[in-house]
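Asks: Pasting in a structure now, in structure tokens, and then I'll have a few things to ask.
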Amino acid sequence: MRSPLRPFSKPFFAAGLLATSLIGSACFAPISSAQTSAPSSATPGAQSAAAAPVALGVPQARAAANAILEAIRKGDANARYNQFSDELKAVTSPQMVQNTMRTQPKLLSWKLLSVNTGLRNTTVEASLITSKGTRDVFIVLNGAGKIVGYHFDRTDEASSQVALNFVKSLSSGQYISARSFLSLDLQKEISPELLQQKWQELQQLTGNFVKVTKAVEANSTATAKLVMVVTQFNRLTDSLFVILDANNTITGVDFPIDPSKPQPAQ
């Protein structure tokens, strides 16, 4: 059976953000603590004290964000790669970073807007002036000042184009860029490595990616949008369903469970 997203119906959107969060959790099953951490013989108190994360303070976060943006402005792929956390480095390389930077608008200048410190990470908001206009970005830093995630404000873009660009990033192996389309909350559950795993598992069913045919907004409400991205693989063609909120931030993705066969050429 296909996912509960087919056929489309108003009840799917009736639950609003709750529905989208459930879809996100169903499509990208969060890795449990049992999967991510090995047993420890240390006492809970000692283990907690030893592993307690320390988020960056405001001055340190601002300095790290400025250094990151300066590396982007200069087009320094090696510096940009070294500013990634180990988790992000696992799915990329300096050459891949360089290739991605070549496709992006040139960064001309920026202004740091806000810094929000959490228990583990610190999020810096910045307004960027690029060769293609102004964009706001949220950069999430760990306690060492390394990037663990980021997200661009895409409110003024078409939802279908956002979903299309997300799938294109996935298909080209740019998992860090693809992850930046997800909400920051969803990024906490979905590592770049897990995103890579899900995409590769999909191609075990469908065959290798060939091209994206089109992206169509299939349904929407005031708080959520459902975009169908028709995607061709070498064995079959099917649609990936991307769920976005009112600000065009991706809050869920449904990869097909029972992909359909390719339609004959007209």
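Just so you know, all these numbers are worked out from the coordinates, no wet-lab data involved. Source: prediction; values computed, not measured. Because the Cβ atoms are built from the backbone with ideal geometry, glycine has one as well, and the counts that use them run over all protein chains shown.
Asks: Hey, any idea what Rg/Rh is for region 157-266, computing Rh the Kirkwood way over Cα pairs?
Replies: Computed over Cα atoms, the ratio is 0.95.
Asks: Using 1/(1 + (r/R0)^6) with R0 = 51 angstrom and r between the beta carbons of A222 and N78, what's the FRET efficiency to the nearest 0.05?
Replies: Efficiency for this residue pair is about 0.70.
Asks: So if R0 is 22 Å, what FRET efficiency would D156 and M101 give, r being the distance between their Cβ atoms, rounded to the nearest 0.05?
Replies: Computed FRET efficiency for D156 and M101 comes out at 0.45.
Asks: For the ranges 206-216, 225-235, 59-69, 104-114, what's the packing order if you count other beta-carbon atoms within 10 Å of each residue, average per peptide, and put the highest first?
Replies: Ranked by mean Cβ neighbours within 10 Å, highest first: 225-235, 59-69, 206-216, 104-114.
Asks: With bins 10 Å wide starting at 0, give me the P(r) of region 152-222 over every alpha carbon pair, in whole percents.
Replies: Result, from short to long distances: 18, 48, 31, 3 percent.
Asks: Simple spin-label model, 7 Å along Cα-to-Cβ: A144 to L205 in nm?
Replies: 3.6
Asks: Karplus couplings for region 147-154 from phi (6.51 cos²θ - 1.76 cosθ + 1.60, θ = phi - 60°), rounded to Hz, Gly and Pro as x?
Replies: 6, 10, x, 7, 8, 8, 6, 10
Asks: T134 to K188: FRET efficiency via 1/(1 + (r/R0)^6), r the Cβ-Cβ distance, R0 30 Å, to the nearest 0.05?
Replies: In this case the efficiency is close to 0.65.
Asks: Tell me which trypsin sites (Lys or Arg not before Pro) from region 139-203 have a DSSP coil assignment and no more than 16 other beta carbons within 10 Å of their own.
Replies: Here no loop site has a sparse enough neighbourhood.
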